[in-house]
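Have a look at the structure below, then the notes.
What follows draws every value from the coordinates through simple rules; no lab data is involved. The structure displayed is predicted, hence computed values, not measured ones. Neighbour counts run over all protein chains shown; Cβ positions are idealised from the backbone, glycine included.
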Amino acid sequence: MTVLQARRGQRRWIMKFKFEIGQAVEYTPRGGAPGLFTVLRQMPEEFQAYDLKYIIKNQREGFERNVLECDLTATDGGEDAYAKVTPLRRYAGR
């Protein structure tokens, strides 16, 4: 959602965040199954950006993801509705 703001003779579009911090959202990684994630942060608006960004995290993963708002869906379902996420194994050796 965008709002037109007039300030000192300037017109500027301000985008509002669709999801709140702590809200449960559904995210489908590329090539993966949808999962339940929690919004950790709303990222600052970038100049000439078409969409807002969020930092999200799944309790079963050891890392955070930086995603666009268009890739998220609001959900009120529990984790039982989603397939179990298996952590990625990364090997340093060759």
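Kindly write out, for the stretch 20-33 in residue order, the coupling ³J(HN,Hα) from the Karplus curve 6.51 cos²θ - 1.76 cosθ + 1.60 (θ = phi - 60°), rounded to whole Hz, with x marking Gly and Pro.
In residue order, the calculated couplings are 9, 5, x, 6, 7, 9, 9, 9, 10, x, 4, x, x, 8 Hz.
If Lys and Arg each add +1 and Asp and Glu each add -1, what is the summed charge of the other residues whose beta carbon sits under 14 Å from the beta carbon of residue 52?
-2
Got a sec to turn the phi values of the stretch 56-69 into Karplus ³J(HN,Hα) couplings, 6.51 cos²θ - 1.76 cosθ + 1.60 with θ = phi - 60°, whole Hz, x for Gly and Pro?
Each residue of the stretch 56-69 in turn: 10, 8, 9, 4, 8, 9, x, 9, 9, 10, 9, 10, 7, 4 Hz.
Modelled label-to-label distance, residue 76 and residue 26, 7 Å Cα→beta-carbon offset: nm?
Roughly 1.4 nm, to one decimal.
Would you kindly state how much longer the chain becomes between residue 51 and residue 33 on full extension, computed as 0.36 nm times their sequence separation minus their alpha carbon distance, in nm to one decimal?
4.2 nm
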